[in-house]
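Asker: Structure incoming, see below.
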Amino acid sequence: KAEPVSKINTADGSEEIVGLKSNGEKAIVYVNDFSDFGDLYDCKIENLNFSSLEKLDKNINTKNAEIAACLSNDETKLFFASDKPGGYGGIDIYLCQKLPNGKWSMPQNLGPTINSKYDEDFPNISPDGKILYFSSKGHTSMGGYDIFSATWDDSKKKFLGIQNLGYPINTPEDNMNFRISESGKYGYISAIRNDG
């Protein structure tokens, strides 16, 4: 039976878990308190107990919309989606890396290989850190948002080889927010389906 999470839910706005580590120990929460477009927060999870929310750095949260995010399993990389100025169009995916002082680096746009003139959103990194999953309205979308993957190329230091995950995962409707389990055996999506 579903129960409200008191340390996340507030009376003043809306809250969504938009990123979850594959081991389930940390979540990224989007909070819209209606004073701006919403910000991203960090939340630890231990034995299904949620910690209080901790707002991510100012170089991540801006006056623009920061919509979704994910952490690598070693918590050294944070991928997030934003419509802030300077991108390739619409919503783009950015990367921040953990600095030696424990702060996040300035965001780095993942570039035109990942980001198109359309919206790219809902990043999720595989447990081994080698595959980036994301939703896009561009590239070779079947219609609306489709789920894509890109593989990390260590020699070129970027994600390459974008692939549409194809039918039956993708359909002409929106298919978003793909998450993969720690074992890599299970994947979860948010989608509109006739049998939903």
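Asker: Would it be correct to say that residue 2 is modelled with pLDDT under 80 and open to solvent by 90 Å² or more (accessible area, probe 1.4 Å)?
Answerer: No: the conditions fail for residue 2.
Asker: Taking the range 60-93 only, how many residues are farther than 12 Å from residue 39 by Cβ and of a type in the set (S, T, N, Q)?
Answerer: 3
Asker: Would you confirm whether any residue within the range 13-25 is open to solvent by 100 Å² or more (accessible area, probe 1.4 Å), at pLDDT below 80 and over 21 Å from residue 124 (Cβ atoms)?
Answerer: no
Asker: Of (1) exposed (fewer than 13 other Cβ atoms within 10 Å of the Cβ); (2) in contact (Cβ under 8 Å) with a residue 12 or more places away in the chain, residue 131 satisfies all except one. Which?
Answerer: Against the list (1) exposed (fewer than 13 other Cβ atoms within 10 Å of the Cβ); (2) in contact (Cβ under 8 Å) with a residue 12 or more places away in the chain, residue 131 comes up short only on (1).
Asker: Condition check: open to solvent by 40 Å² or more (accessible area, probe 1.4 Å), among the basic types (Lys, Arg) and in contact (Cβ under 8 Å) with a residue 40 or more places away in the chain. Does residue 55 satisfy that?
Answerer: No; evaluated as a whole, the condition is false for this residue.
Asker: Testing residue 145 on (1) farther than 21 Å from residue 73 by Cβ; (2) touching a residue at least 12 places away in the same chain (Cβ under 8 Å); (3) open to solvent by 30 Å² or more (accessible area, probe 1.4 Å), one condition comes back false. Which one is that?
Answerer: (3)
Asker: Shifting gears a bit: Within the bounds of the range 164-178, is there any residue that is without any contact (Cβ under 8 Å) to a residue 12 or more places away in the chain, more than 20 Å from residue 75 (Cβ to Cβ) and open to solvent by 50 Å² or more (accessible area, probe 1.4 Å)?
Answerer: Checked the range 164-178: at least one residue is without any contact (Cβ under 8 Å) to a residue 12 or more places away in the chain, more than 20 Å from residue 75 (Cβ to Cβ) and open to solvent by 50 Å² or more (accessible area, probe 1.4 Å).
The values are calculated or read from the model by the stated rules, or taken from the named source; none is laboratory data. The shown structure was predicted, so the numbers you read here are calculated from the model rather than taken from an experiment. All Cβ positions, glycine included, derive from the backbone under ideal geometry; neighbour counts span all protein chains shown. In case anyone asks, the SASA skips ligands and DNA or RNA and just uses the protein heavy atoms, side chains included. Shrake-Rupley method; radii C 1.70, N 1.55, O 1.52, S 1.80 Å.
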